[in-house]
Every structure is written in C-alpha cells, then in structure tokens.
1. In the range B:83-122, how many are under 22 Å from B:ASP53 (Cβ atoms) and either among the hydroxyl-bearing types (Ser, Thr, Tyr) or away from chain A (no Cβ under 12 Å) (or both)?
2. For B:LEU76, which of the numbered conditions (1) free of Cβ contacts under 8 Å to residues at least 24 places away in the same chain; (2) farther than 24 Å from B:PHE110 by Cα fails to hold?
3. Looking only at the range B:93-112, how many residues end up being under 12 Å from B:THR124 (Cβ atoms) and not aromatic (Phe, Trp, Tyr)?
4. Do you know which of the residues in the range A:15-32 that are more than 8 Å from every other protein chain (Cβ to nearest Cβ) and in a helix (DSSP H, G or I) is nearest to B:TYR31 (Cα to Cα)?
5. Mind checking which helices (runs of 4 or more DSSP H) fall wholly inside the range B:131-190 and carry at least 3 residues that are touching a residue at least 24 places away in the same chain (Cβ under 8 Å)?
6. If you go through the range B:45-60 one residue at a time, do you hit one that is out of contact with any Phe, Trp or Tyr (no Cβ under 8 Å at 6 or more places or on another chain), touching a residue at least 12 places away in the same chain (Cβ under 8 Å), assigned to a loop (DSSP other than H, G, I, E, B) and not basic (Lys, Arg)?
7. So in the range B:6-22, with the set limited to residues that are surrounded by fewer than 23 Cβ atoms within 10 Å (Cβ to Cβ) and among the aliphatic types (A, V, I, L, M), which one is nearest to the other protein chains (Cβ to nearest Cβ)?
8. Tell me, yes or no, whether the range B:98-118 has at least one residue that is in a helix (DSSP H, G or I) and among the aromatic types (Phe, Trp, Tyr).
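Bear in mind that the values in this text are calculations on the coordinates, not laboratory data. Just so it is clear, the structure is predicted and the values come from calculations on it, not from any experiment. Cβ: placed from backbone, ideal geometry, glycine included. Neighbour counts: every protein chain shown.
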Amino acid sequence: MVNSTLDTPQTPNDSEIHITKADVDRAVRNARKFREMVERGKTAEDIFEDLLKLVHVGSETTR
Amino acid sequence: MVPKLLDRLIRHANASKLPSVIIGGLALPAYNIARATIDIDFCIYAKTQKSLDKFIAFLAADDIFTAQNPQTSDILFVVFTSDHDEAEVWLTPCDRFRWDPEMVHRILHFTKEYCVLSPEDFITAKLGRAGRAETDIDDVMQIVINNATSLDWKYLEERVQWAGLNEDLRKVLSALRKYDPEIARDIPLE
C-alpha cells in the first residue's frame with residue numbers, strides 16, 4: 001500500500017483481532033524463553049547479534 | 001572486511017544527519033523478545049527531499065543501489081548491493097502513519113550503534129500495519145508480557161488513540177488479562 005498523505009493516520013486495519021487461549025499461552029511461553037536466555041547470561045545485545053548473524057547467513061544462502 | 005549492509009545504512013544515515021531506527025523482527029531484542037528473521041527493515045526520518053537525496057547519494061557511492069526514485073512522500077524503497085544483500089528502507093515507521101517529533105524524541109539507543117523506536121511506538125506500528133498478520137499480534141503480546149512494568153502506558157494510550165487503534169490494543173490487552181491473570185495486574189489500561 002502506498003499512500004502519500006499519511007500526515008494523519010490512515011483508516012486502521014480492517015483485519016479483526018481474534019486471540020485464543022492457545023495464542024496467549026504461546027506468547028507467554030515465547031516471552032519466557034527470552035527471559036530464560038537472559039537468566040542464563042545472554043544479554044539482549046547478544047541475542048540481537050545472533051539475529052544479525054542469521055540475517056547474514058540468510059542473505060548468503062539465497063545468493 | 002566489508003561492513004555489513006545494516007551498518008553501512010546506519011553510517012550513511014548518520015552522515016546525512018537523518019534519525020534512523022531498526023524496525024521489524026530484528027528490532028525485537030530491544031524490547032526483550034526475539035524470533036528468527038532474515039529481513040533487514042531500516043527506517044529513516046527524512047524531512048526534506050534534499051536530505052533524502054543526500055542519503056541516496058551516499059548509498060550509491062558505497063555501491064548500495066535502489067531501482068526506485070525515492071521521494072519523501074513514499075513509504076519505503078528497496079536497496080541492494082552487488083553481493084545481493086537487500087534491505088527495505090522505510091520512510092515512515094509504519095504504512096499507516098508518518099514520523100512525528102514525539103516519535104523522534106522517544107527513539108531508543110538500544111546499543112551504541114543501533115537505535116529502535118520506543119516500545120510504545122513500535123506496538124502502535126505493529127497494530128497499524130496494513131498487512132497485519134498473526135505474527136504482529138504475537139509480537140505485541142510478547143512485548144506487553146515482558147515489558148508491562150516499564151511501558152509508558154499513558155503515552156501508549158495516547159498514541160494508539162491518535163492512530164485510531166485503541167480498540168485493537170484493547171482486544172490484545174483483554175485477551176492477555178483473560179488468559180494470563182499473572183500479567184493482568186501489571187496492565188493498567190482498561
């Protein structure tokens with residue numbers, strides 16, 4: 001979508017939000033995984049660097 | 001060693017005096033969550049065409065190209081290198097709204113080199129995405145779960161209201177309250 005008049009926000013998303021208990025459980029589980037990584041000594045910066053490596057590996061494998 | 005594309009984009013944004021942030025999945029560790037991603041989504045705030053042109057000239061001089069003719073009124077453009085590295089350079093934090101001074105003021109220095117939007121603006125951008133997917137809602141839920149006690153709830157409320165997304169945020173928070181009573185006590189918004 002390209003709109004050149006975004007000075008005021010455009011009409012909000014039409015896609016309905018339906019969140020189930022399973023969605024919340026998964027989010028809680030994944031959020032906990034991050035906290036556990038931090039408890040094991042990784043910093044948010046370390047995790048960012050890991051993601052950055054993944055981006056670079058991804059770009060190399062698609063060449 | 002040639003610096004990676006993201007670092008080069010940041011260097012050229014800084015040289016052009018353009019505020020810049022990482023957006024998308026790569027920004028998530030700044031909000032205490034993570035998921036795998038292979039995309040580089042980079043966002044700059046170019047107030048004038050002159051500053052945008054300067055940035056693009058810096059990129060071109062560093063062998064980073066675009067096939068488009070970016071204008072400040074655009075939402076994003078794609079850049080690539082001869083090594084086939086690619087990134088989306090966004091001119092707005094989201095395809096539903098533009099930068100404003102408060103968003104710029106609230107930019108977070110995640111590390112010495114890397115900046116991101118404030119968590120409240122990131123949540124608003126996620127909720128406002130035109131192609132909003134389940135992943136975006138999942139990201140928002142996780143950010144709330146891991147940052148509930150540190151979010152600026154008043155600002156978040158104002159920002160989603162400004163973007164016309166208050167009902168969407170309310171649905172996310174209601175679901176979290178309903179299914180995760182532990183997090184409920186840390187969410188002040190009704």
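1. Of the residues in the range B:83-122, 4 are under 22 Å from B:ASP53 (Cβ atoms) and either among the hydroxyl-bearing types (Ser, Thr, Tyr) or away from chain A (no Cβ under 12 Å) (or both).
2. It is condition (2) that B:LEU76 fails.
3. Residues that pass the stated criteria total 7.
4. So, considering only residues that are more than 8 Å from every other protein chain (Cβ to nearest Cβ) and in a helix (DSSP H, G or I), the one nearest to B:TYR31 (Cα to Cα) is A:ARG32.
5. B:134-147, B:153-162, B:166-179
6. Yes: the range B:45-60 contains one or more residues that are out of contact with any Phe, Trp or Tyr (no Cβ under 8 Å at 6 or more places or on another chain), touching a residue at least 12 places away in the same chain (Cβ under 8 Å), assigned to a loop (DSSP other than H, G, I, E, B) and not basic (Lys, Arg).
7. Among those that are surrounded by fewer than 23 Cβ atoms within 10 Å (Cβ to Cβ) and among the aliphatic types (A, V, I, L, M), it is B:LEU6.
8. Scanning the range B:98-118 turns up no residue that is in a helix (DSSP H, G or I) and among the aromatic types (Phe, Trp, Tyr).
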